[in-house]
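Q: Structure provided below as structure tokens; questions to follow.
Only the coordinates and a few stated rules stand behind these numbers; no lab work does. Keep in mind the model is a prediction, meaning the values are calculated, not measured. Cβ sites come from the backbone with ideal geometry, for glycine too, and all protein chains shown count toward neighbours.
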Amino acid sequence: MTDVPIKQECLMHRLILALTAATSVLLGLGSVAFADAIDGNWCQANGQRMSIRGPAIVTPGGQQITGTYDRHFFSYVIPTGETGAGATAEIQLLSEDLAHERQRGDASLREWRRCPPGVS
């Protein structure tokens, strides 16, 4: 008779473990399905391009520098020789294919779109 409560307890532990594992898998799939990041190649209608890979950026002027990286945000000090040199550019990811850039102290914004495949 003492085996029945032990078997029920063992089954309960297995059920809890299975539910926990299933929940983890479902949550993991959900985050992958909606994953997006600012990393990648970005284009403007005027032909300018930039590329962000973690904290590394190739600026619109073609210089390879580093900045401050967050999954949906990037900022860097515009290097010498480029328009706005010395100012901080802040880029905010708005959707998988759209980002807005502002320079600190300037209210205007620049729109960036993901470059089409094959364009970097």
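Q: For the range 93-101, in order, what is each residue's ³J(HN,Hα) by Karplus, 6.51 cos²θ - 1.76 cosθ + 1.60 with θ = phi - 60°, in whole Hz (x at glycine and Pro)?
A: Using θ = phi - 60°, the values come out as 6, 9, 8, 4, 10, 9, 9, 10, 10 Hz.
Q: Quickly work out the D70-to-V58 label distance, labels modelled 7 Å from Cα along the C-beta direction, and quote it in nm with one decimal.
A: 2.7 nm
Q: Still on this structure, I have one more. With labels modelled as points extended 7 Å from the Cα through the Cβ direction, what inter-label distance (nm, one decimal) is found for R114 paired with S51?
A: It works out to 1.7 nm between the two label points.
Q: For a Förster distance of 25 Å, can you work out the FRET efficiency between the beta-carbons of Q103 and D36, rounded to the nearest 0.05?
A: 0.55
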